Amino acid sequence: MHDRPQSTEILEAVARLLLDEIVPATSGRLQFLARVGANAVRLVAREIRQGDEALQQEWQRLDALLGVEVQPQEPGLRAEALARRNLGLATAIREGAFDQTETLVPLVQHLRAVVAAKLEVSDPKLLGQGGG
């Protein structure tokens, strides 16, 4: 654990600088780019705050849908394994594995949770959670 300021606090400070100082002092394309930069910085801060929690939850739900699989510990391998499992899920959906109510309901719950986790990072306002 690092002392303050934490990386998310630094990113939020950069976003505030862009929005509070740069945007009002510019116009046109430069102002637009400052807004884009502030949004990108805030997105990265939210992604850092979310950490591995969403990935862990998604993995556990995939375990329930597809069967238990040991999760790699290395972050890069974990992301690849999650992508592979999601391809497997897509294949299972196409093959009709979730056509019955008892399998469809958990699938829909999983997909809603995945979308919500992505929106928490990309645009939390769409979830009615405020954010930046």
Selection status of Arg61, in contact with a His (Cβ under 9 Å, 6 or more places away or on another chain) and closer than 22 Å to His110 by Cα: yes
Residue that is surrounded by the most Cβ atoms within 10 Å (Cβ to Cβ), among those in the range 1-14 that are in a helix (DSSP H, G or I) and polar (S, T, N, Q): Thr8
Selection from the range 28-54 of residues that are without any contact (Cβ under 8 Å) to a residue 12 or more places away in the chain, within 22 Å of Pro5 (Cβ to Cβ) and among the hydrophobic types (A, V, I, L, M, F, W, C): Ala40
Any hit, the range 72-94, residues being in contact with a Ser or Thr (Cβ under 7 Å, 6 or more places away or on another chain), of a type in the set (Gly, Ala, Ser) and either closer than 19 Å to Ala116 by Cα or touching a residue at least 40 places away in the same chain (Cβ under 8 Å) (or both): no
Residue in the range 72-86 that is surrounded by 11 or more Cβ atoms within 10 Å (Cβ to Cβ) and in contact with a Lys or Arg (Cβ under 7 Å, 6 or more places away or on another chain) present: yes
Hey, Arg4 basic (Lys, Arg), without any contact (Cβ under 8 Å) to a residue 24 or more places away in the chain and out of contact with any strand residue (DSSP E or B) (no Cβ under 7 Å at 6 or more places or on another chain) or not: yes
Selection count where residues are at pLDDT 95 or above and surrounded by fewer than 15 Cβ atoms within 10 Å (Cβ to Cβ), scope the range 36-59: 2
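The values are calculated or read from the model by the stated rules, or taken from the named source; none is laboratory data. In this text, all values refer to a predicted model and were calculated from it rather than measured experimentally. Note that each Cβ is placed from the backbone with ideal geometry, even for glycine, and that neighbours are counted across all protein chains shown.
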